[in-house]
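The values are calculated or read from the model by the stated rules, or taken from the named source; none is laboratory data. Here the structure is a predicted model, which is why all the values come from computation and not from measurement. As a convention, Cβ positions derive from the backbone with ideal geometry for all residues, glycine included, and neighbour counts pool all protein chains shown.
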Amino acid sequence: MATNRSATQAGPSGAIGVHRSSRKDLAEADIRLMGDVVQPHQPSGDAREPEWHLQDPDTRLYIGDCRDVLAALPDKGEVDLVFADPPFNWDVPYDGWSDDMTRAAYERFTYDWLDGCIEALSPSGSIWVNIPDDSAAEVVLHLKRRGLVMINWCVWHFRFGQCRNSSFIMSKVHALYFCKDPDNRTWNPDAVLEQSDRASIYGDKRTMEKSSNKGMRVPMDVWYGKYWGRIQGNNAERRHGHQNQIPEVYLERVILACSNEGDLVLDPFAGSGTTGTVARAHQRRSIGIEQSEVTAKSAWERIAEIGMKRKGGSAGQSSAIFSRRSSGGS
């Protein structure tokens, strides 16, 4: 479909421009998904106090169903950044959580907590959702019909997927980046720069002659590299008893790029406490919500006592897949 552009426009508006211009149409479109046939969750309405609370920066962890906690959150409309890594409905044995819902019920659950997070966001806030293949499309469509704009559809790639013979080995999860207002959002690309291939592989003089950020680039939308693997085995970050723990560098990239010191970061599925740990290490305020008391207690120990293991590990590295080439060959 052709798009009319003014004569003064220098070039295409790009993906963000297209999403921005279609936001109203998508919000008003009759988009129906399987979970829509299930009645929405009715929050309890009870105000909650955090189970644990630290100052400087303000760091809180609540215990309960995130749909209930979000509905009564005193900071509603003030959250600068949401990061969510929800249960995937893969029948994982979480403590006290049924991870084998019917598909319709799981989708309804997803829309309910997404709506709670959207209501918590400030007008300039952003949300990231970590989600696998089988639910990524539904999350994208729901966020679009709620009027949010997609900035990036990133992929977290890891080298050690679970071995299988029935299909290709799954080695990625989607990292969906949406915001309320693309023209009024926090974006700090210089805080997360990585070495460019021109510098790390080819030794290209041109990249070293730039006026700033010599040899560096904004990361690509497929994320991998040192410290980016699945947290398992004897990894220094590993918290035993936690399922599907995300590496600190992943959260560090998101938090540094999409928030500033003093901003408020929310994680509705605190899990092992990675979001709160990284946020606190970088002087961000944070709110975590976890339904399991056992899991929350372990997460708080990490946030309050252990702290971040790999601070600074997300920036400055090279993600090149080839070694440095000599100047005389290709």
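Scanning the stretch 208-240 for residues that are acidic (Asp, Glu) and closer than 20 Å to Val192 by Cβ, we see that the one that is modelled with the highest pLDDT is Asp221.
I'm trying to understand the selection: among the residues of the stretch 274-298, which are of a type in the set (A, V, I, L, M, F, W, C) and over 18 Å from the mean Cα position of the chain (by Cα)? Of everything in the stretch 274-298, those that are of a type in the set (A, V, I, L, M, F, W, C) and over 18 Å from the mean Cα position of the chain (by Cα) turn out to be Val294, Ala296. Under the condition of being in a loop (DSSP other than H, G, I, E, B), modelled with pLDDT of 95 or more and exposed (fewer than 14 other Cβ atoms within 10 Å of the Cβ), the residues counted in the stretch 36-76 number 7. Looking across the stretch 77-90, the residues that are in contact with a strand residue (DSSP E or B) (Cβ under 9 Å, 6 or more places away or on another chain) and either of a type in the set (D, E, K, R) or not in a strand (DSSP E or B) (or both) come down to Gly77, Glu78, Asp80, Asp85, Pro86, Phe88.
When each of Lys172, Lys205 is tested for being at pLDDT below 90 and of a type in the set (Lys, Arg), the lone residue that passes is Lys205. For the stretch 241-264, filtered to residues that are in a loop (DSSP other than H, G, I, E, B), modelled with pLDDT of 95 or more and among the small types (Gly, Ala, Ser), the residue that is surrounded by the fewest Cβ atoms within 10 Å (Cβ to Cβ) is Gly262. Of all residues in the stretch 46-76, those satisfying the criterion of being closer than 18 Å to Val265 by Cβ and either among the hydrophobic types (A, V, I, L, M, F, W, C) or out of contact with any strand residue (DSSP E or B) (no Cβ under 8 Å at 6 or more places or on another chain) (or both) are Trp52, Leu54, Gln55, Asp56, Leu61, Cys66, Val69, Leu70, Leu73, Pro74, Lys76.
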